[in-house]
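The values are calculated or read from the model by the stated rules, or taken from the named source; none is laboratory data. What you see is a predicted model, and the numbers here were worked out from it, not measured in a lab. Note: ideal-geometry Cβ built from the backbone for every residue, glycine included; neighbour counts use all protein chains shown.
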Amino acid sequence: MNESTRFYRVFVWHLIADWLFQNHWMANQKSDLNNLAAWTHGSIHFLAMLRVFTWPFALILALIHMLVDTRKPLQWWRGIYRQTTVEMNDHAGWHTAIWGDQVLHIVCIAAAAWFASRDN
């Protein structure tokens, strides 16, 4: 499978896992890796990624997804880049946080698709 096809497939599976199979409990608790919600959400991503990748790639992507969901990588980036701060009552900051999270997930997916296609 070429990297474009792999990327499109995994992107759709990512959307399904991150939006359709994420409930309120996971969305509110996934930032704490000591919480079962983070591991449940990560497991859903692992299963979704297995539809496209071998288990090592799927596992790495699921773990990276969980790390991104802790919000620490984007907090670090916003500090470096002086990006909009995130206040839950601030519409612009809230959208910046959501889309920043998704962009980071998609970049990781694209990198995995590229590396996986080199592995074949």
Could you tell me how many of the residues in region 12-29 are of a type in the set (S, T, N, Q) and exposed (fewer than 15 other Cβ atoms within 10 Å of the Cβ)?
2
Complete set of residues in region 1-29 that are basic (Lys, Arg) and in contact with a Ser or Thr (Cβ under 8 Å, 6 or more places away or on another chain)
Arg6
Counting only helices (runs of 4 or more DSSP H) wholly inside region 1-84, the ones holding at least 2 residues that are touching an Asp or Glu at 6+ places or on another chain (Cβ under 8 Å) are 36-49, 55-69
Within region 37-56, the residues that are over 14 Å from the mean Cα position of the chain (by Cα) and surrounded by 13 or more Cβ atoms within 10 Å (Cβ to Cβ) are Ala37, Leu50, Arg51, Val52, Phe53
For region 1-46 the number of residues that are at pLDDT 95 or above, small (Gly, Ala, Ser) and under 21 Å from Phe57 (Cβ atoms) is 4
Surrounded by 13 or more Cβ atoms within 10 Å (Cβ to Cβ) and within 15 Å of the chain's Cα centre (by Cα): is that true of Asp32 in this structure?
no
What's the number of the condition Ile60 fails, among (1) loosely packed, with under 15 Cβ neighbours inside 10 Å; (2) touching a residue at least 40 places away in the same chain (Cβ under 8 Å); (3) of a type in the set (A, V, I, L, M)?
(1)
